[in-house]
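Participant: Before we start, here is the structure in question, set down as structure tokens.
The values are calculated or read from the model by the stated rules, or taken from the named source; none is laboratory data. Quick caveat: nothing in here was measured; it's all calculated off a predicted structure. Reconstructed Cβ throughout: ideal geometry from the backbone, glycine too, with neighbour counts over all protein chains shown.
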Amino acid sequence: MTEQKQNRSLVIVIAAIASTGGLLFGFDTGVISGALPFLKESWDLTTGQQEIITTAVLVGAVIGALGSGRITDIVGRKKVILVTSIIFALGSILTGAASSMWFLAASRVILGIAIGISSFAVPLYISEISPVKARGALVSSFQLMITIGIVASYFSDLYFADESNPFSWRWMFYVGVFPAIILFTGMIFLPETPRFLIGKGKDEEGKKVLEKVEDPALVEEAFAKIKEEIALDQESVGFKELFSKTWRTPLFIAIGIMFVQQFVGINTVIYYAPTLFIIAGFEGARAAIVATISVGIVNVASTVVAMFLIDKIGRRKLYFIGVTGIMISLTALGMFFFMKDDLGDNLRWVIVGTVLIYIVFFAISLGPLGWLIISEIFPLKIRGVGMSVGALSNWFFNGIVAFTFLKLAWLFTDSGSGILKGTKEIIVDKAEALQYIATEFGNNAKNYKWDEVTHEIIETMPNPAGAFLLYAGIAIIGIIWGMKYIPETKGISLEQIEEHWRQGKAPNELK
Ligand code: BGC
């Protein structure tokens, strides 16, 4: 085996181990959908309480990303990932063992903290340890693992779901411990990144790692470049330095790409897929399972395609192809939902088809590119802080979209034209039913009605057409913004990118 091939296999192993952090990210965000129906039964949860449990992870992720960027720049990437894997394991055990709804919510915040930290520390680690030519594909393995984690959580929920045991959610949470153990054990054996080591003056150690991972012909040049850039940096001063004029452009790119990634509504599609498919006319629970799993699998498969393309055709091309496809499919989704009554039976197939096309375009562009680009554009000294701000924006925007999607959809829905989602509870006495609706749903009571004929409380869904058209509008903004701000970082070393900003050049001049 040539030395170069050997290096290649080693970096693939390194990336595979580190990206288990992505698996945990996907698994721990996805696991809740299958667990919720059981949790609801165990503790008789209201809709509000279910929302608290679901969003607790997002709150934790914001806290995790906010609090740990600077630490990553001080103690190193590897140590932070090691500690994060312990928090992951702890979070999984606590959520599985939770004795009350508040206990569970608090444990989900802890899990969220681990997700928030790993969402930037892992791509940062992989990016800094990767050889220039394969950096895009290797960092995208993080996104691949996120998508695999989402699908794994669906299958595992399905496996542990036991209709006769309302507490079967416990095992759904406990299994998260296993990938956390793999991450911890694997990371013990992995080196710290050469860039962090050299940045801390440990030249010999850093060079040794560089020799193991970089293309042998490029080791000397890479080492010299890293040293050169470090000599130009003043002592890092964290957040203050990040907001200085020189680094304002990368900061704007990081926040901007995360804004576009979340505001094209990816998670409304991922998490509401079952509901969308039921609206479109598929029958109940079976449809929900087929929908979620098919969306998940298409997401994984398209991410693999992206990994092959990202270092060949480059970041910018993928961005424009992807966001244009996203814009078109969102517009189509919006129009189909508007024409719902005219489309009749055909609706279900056009919705399934369009949702899957949307996922393909997301997975070849914004999915991997969001995390990849924020791992490439910051200078070494403040890379941890910079990336943590990118991750923080991601989770913050994710929270806003999750929180506003249904409200937004109601805003665009004429009264009476909401869509019947299904049966909630069966209560025979009308007075009791109305009382139930008022206490259970509070301000949202208008979305629920008492059906005289079937004696059921029925939840209605808003028509999401307007919301999807709005997200399509954001995709257009994303395309215009991207022309100026998406850099082509393919085949360019992190040090050359740093140098580019220092010279005050524009993002679209990078080639
Ligand atoms: C996004 C997540 C999303 C996932 C879907 C990630 O890049 O940050 O919000 O759920 O992709 O594959």
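Participant: One residue is enough: does segment 150-161 have a residue meeting the conditions in contact (Cβ under 8 Å) with a residue 12 or more places away in the chain, under 29 Å from Val11 (Cβ atoms), crowded, with 24+ Cβ neighbours inside 10 Å and assigned by TED's automatic domain parsing to the domain that holds Phe378?
Facilitator: Checked segment 150-161: at least one residue is in contact (Cβ under 8 Å) with a residue 12 or more places away in the chain, under 29 Å from Val11 (Cβ atoms), crowded, with 24+ Cβ neighbours inside 10 Å and assigned by TED's automatic domain parsing to the domain that holds Phe378.
Participant: Right, next: Going residue by residue through segment 295-304, is there one that turns out to be at pLDDT below 95 and either small (Gly, Ala, Ser) or assigned by TED's automatic domain parsing to the domain that holds Met387 (or both)? Break it down into steps so the answer makes sense when it comes.
Facilitator: Let us first name the residues in segment 295-304 that are at pLDDT below 95, namely 295-296.
Those still in the list that are either small (Gly, Ala, Ser) or assigned by TED's automatic domain parsing to the domain that holds Met387 (or both) too: 295-296.
Yes, segment 295-304 contains at least one residue that is at pLDDT below 95 and either small (Gly, Ala, Ser) or assigned by TED's automatic domain parsing to the domain that holds Met387 (or both).
Participant: Report yes if some residue within segment 302-321 is in contact with a Phe, Trp or Tyr (Cβ under 6 Å, 6 or more places away or on another chain), within 15 Å of the ligand (Cβ to nearest atom) and either at negative phi or touching a residue at least 24 places away in the same chain (Cβ under 8 Å) (or both); otherwise report no.
Facilitator: Here is the first cut: in segment 302-321, the residues in contact with a Phe, Trp or Tyr (Cβ under 6 Å, 6 or more places away or on another chain) are none.
No: zero hits.
Participant: Select from segment 21-41 the residues that are modelled with pLDDT of 90 or more and away from the ligand (no atom under 16 Å from the Cβ) and list them in ascending order.
Facilitator: Leu39
Participant: Regarding Phe178, is this residue assigned to a helix (DSSP H, G or I) and surrounded by 18 or more Cβ atoms within 10 Å (Cβ to Cβ)? Before the answer, list the steps.
Facilitator: Numbers: assigned to a helix (DSSP H, G or I): yes; surrounded by 18 or more Cβ atoms within 10 Å (Cβ to Cβ): no.
The answer is no for Phe178.
Participant: Taking the stated definitions as given, is Thr54 polar (S, T, N, Q) and within 16 Å of the ligand (Cβ to nearest atom)?
Facilitator: Numbers: polar (S, T, N, Q): yes; within 16 Å of the ligand (Cβ to nearest atom): yes.
In short, yes.
Participant: How many residues are in a helix (DSSP H, G or I) and either within 16 Å of the ligand (Cβ to nearest atom) or not small (Gly, Ala, Ser) (or both) if we restrict to segment 405-416? Spell out the reasoning first.
Facilitator: Start the filter on segment 405-416 by keeping residues that are in a helix (DSSP H, G or I), which leaves 405-411.
Subsequent filtering for residues that are either within 16 Å of the ligand (Cβ to nearest atom) or not small (Gly, Ala, Ser) (or both) retains 405-408, 410-411.
Qualifying residue count for the region: 6.
Participant: Okay, next question. For segment 362-396, give me the residue count where each residue is more than 13 Å from the chain's Cα centre (by Cα), over 25 Å from Gly504 (Cα atoms) and more than 12 Å from the ligand (Cβ to nearest atom).
Facilitator: 0
Participant: Same structure again: Identify the single condition in (1) away from the ligand (no atom under 16 Å from the Cβ); (2) under 30 Å from Ser156 (Cβ atoms) that Gly265 does not satisfy, given that it satisfies every other one.
Facilitator: That leaves (1) as the condition not met.
Participant: Something else now. Within segment 396-404, does at least one residue satisfy the condition of being of a type in the set (A, V, I, L, M), at pLDDT 95 or above and in a helix (DSSP H, G or I)?
Facilitator: Pass one, segment 396-404, residues of a type in the set (A, V, I, L, M): 400-402.
Restricting the remaining residues to those that are at pLDDT 95 or above gives none.
No - not one qualifying residue is present in segment 396-404.
Participant: Let me spell it out: the conditions are (1) part of a helix (DSSP H, G or I); (2) of a type in the set (A, V, I, L, M, F, W, C); (3) in contact with a Pro (Cβ under 9 Å, 6 or more places away or on another chain), and Phe378 meets all of them except one. Which number is the exception?
Facilitator: So Phe378 meets the others, but not (1).
Participant: Looking at Thr20, Thr54, which one is within 23 Å of the chain's Cα centre (by Cα) and buried (at least 24 other Cβ atoms within 10 Å of the Cβ)? Outline the logic, then answer.
Facilitator: Values: Thr54 fails: buried (at least 24 other Cβ atoms within 10 Å of the Cβ).
Thr20 is the lone residue from the list that is within 23 Å of the chain's Cα centre (by Cα) and buried (at least 24 other Cβ atoms within 10 Å of the Cβ).
Participant: Could you tell me which of the residues Glu192, Glu228 is touching a residue at least 60 places away in the same chain (Cβ under 8 Å) and outside any helix (DSSP H, G or I)? Talk me through it step by step, then tell me what you get.
Facilitator: Details: Glu228 fails: outside any helix (DSSP H, G or I).
Result: Glu192 is the single residue among Glu192, Glu228 that is touching a residue at least 60 places away in the same chain (Cβ under 8 Å) and outside any helix (DSSP H, G or I).
Participant: Restricting to segment 48-100, name every residue that is closer than 29 Å to Leu406 by Cβ and β-branched (Val, Ile, Thr).
Facilitator: Correct list: Ile52, Ile53, Thr54, Thr55, Val57, Val59, Val62, Ile63, Thr95.
Participant: Let me ask something else about it. Give me a count of the residues in segment 246-294 that are at negative phi, in a loop (DSSP other than H, G, I, E, B) and at pLDDT 95 or above.
Facilitator: Just the residues of segment 246-294 that are at negative phi, to begin with: 246-264, 266-280, 282-283, 285-294.
Subsequent filtering for residues that are in a loop (DSSP other than H, G, I, E, B) retains 264, 280, 282-283.
Filter once more, so that each one left must be at pLDDT 95 or above: 264.
Qualifying residue count, segment 246-294: 1.
Participant: Filter segment 495-510 down to the residues that are free of Cβ contacts under 8 Å to residues at least 60 places away in the same chain, in a helix (DSSP H, G or I) and among the charged types (D, E, K, R) and list them by number.
Facilitator: Selection gives Glu509 alone.
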